[in-house]
Amino acid sequence: MAVRDALLALLTTGPAYGFQLHGALETRTGGRRRVNVGQTYATIERATKGGLIESAGTTADGLPLHQLTKAGREAVEAWLGGADAPGADPWDETIDRVLVVASLPGLDPSAVLAAERHRWDARRLAAESTAAELSSETASGGAAAELLRLAIAADAARAVAAIDWLDVVTRAVTSGPPLSFAPNEQRPRRGRRPGSAAVAAQESAIA
């Protein structure tokens, strides 16, 4: 997953400070995405320089707040709409996109779930079609042909697994307890991780 896209999505709930976004990234992906705090702040800084994030003032105790720009909101919409980060694994992108959108208050995950299911069903059909063609064309193609067939079979199997998981999430969203929750306003004393001078310096530099 592009950490940037998830962090931008987290800002759809309103302005937030860096360490708040850092903790939310792990929590809202079910613990899948644990990045070091320096990476979080570096990502915020790049997004700010890129015109996706702008200053939203400071907290009462002086921590810089960040908010989305118009371009940032458009980037979030593109990611939630299925635009994977360059070079990212589609399966990882699907999991993180679904978990993040399901956890954010004010967003409806049903459209994202439906779109993801449609994409994985298309991938499944494409893989199965290619596998069928190979079976008839390369029946005596040797080891290389067999390895290719097995690789395509893996693509089809992953697509099936993805669809099954999306169905599980859909049931959880529609019939289980709410998965969304408000941003965590609790933070370490004085708004930063104790002893984290580097984090404080990065916060000030981004402001």
I'm told Gln39 meets every condition in (1) in a helix (DSSP H, G or I); (2) more than 15 Å from Val3 (Cβ to Cβ); (3) not acidic (Asp, Glu) except one. Can you identify the failing condition by its number? (2)
As an exercise: evaluate Leu134 against (1) at pLDDT 95 or above; (2) surrounded by 12 or more Cβ atoms within 10 Å (Cβ to Cβ); (3) not hydroxyl-bearing (Ser, Thr, Tyr) and give the number of the one condition it does not meet. (1)
Segment 140-163 residues that are in contact (Cβ under 8 Å) with a residue 60 or more places away in the chain, paired with ones that are assigned to a helix (DSSP H, G or I) and of a type in the set (Phe, Trp, Tyr) (beta carbon under 8 Å, 6 or more apart): Arg158/Trp91; Ala162/Trp91; Ala162/Trp120
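Rundown of residues vs (1) among the hydroxyl-bearing types (Ser, Thr, Tyr); (2) at negative phi; (3) not in a strand (DSSP E or B), yes/no style:
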position	(1), (2), (3)
Leu21	no, yes, yes
Arg34	no, yes, yes
Thr48	yes, yes, yes
Gly57	no, no, no
Gly62	no, no, yes
Trp79	no, yes, yes
Gly82	no, no, yes
Gly106	no, no, yes
Arg117	no, yes, yes
Would you mind telling me which numbered condition in (1) in contact with a Lys or Arg (Cβ under 6 Å, 6 or more places away or on another chain); (2) closer than 14 Å to Arg97 by Cβ Ala156 fails? (2)
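This table checks each residue for (1) hydrophobic (A, V, I, L, M, F, W, C); (2) crowded, with 18+ Cβ neighbours inside 10 Å.
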| residue | (1), (2) |
| --- | --- |
| Gly50 | no, no |
| Leu68 | yes, yes |
| Gly72 | no, yes |
| Pro90 | no, no |
| Leu113 | yes, yes |
| Trp120 | yes, yes |
Output yes when any residue across segment 69-82 is polar (S, T, N, Q) and under 28 Å from Pro178 (Cβ atoms), and no when none is. no
Within segment 1-32, the residues that are of a type in the set (Lys, Arg) and buried (at least 19 other Cβ atoms within 10 Å of the Cβ) are Arg4, Arg28
Run down Ala200, Ala153, Ala172, Ala144 and say which single residue is modelled with pLDDT under 90 and over 29 Å from Val37 (Cα atoms). Ala144
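The values are calculated or read from the model by the stated rules, or taken from the named source; none is laboratory data. Keep in mind that what you see is a predicted model, and the values were worked out from it rather than measured. Cβ: placed from backbone, ideal geometry, glycine included. Neighbour counts: every protein chain shown.
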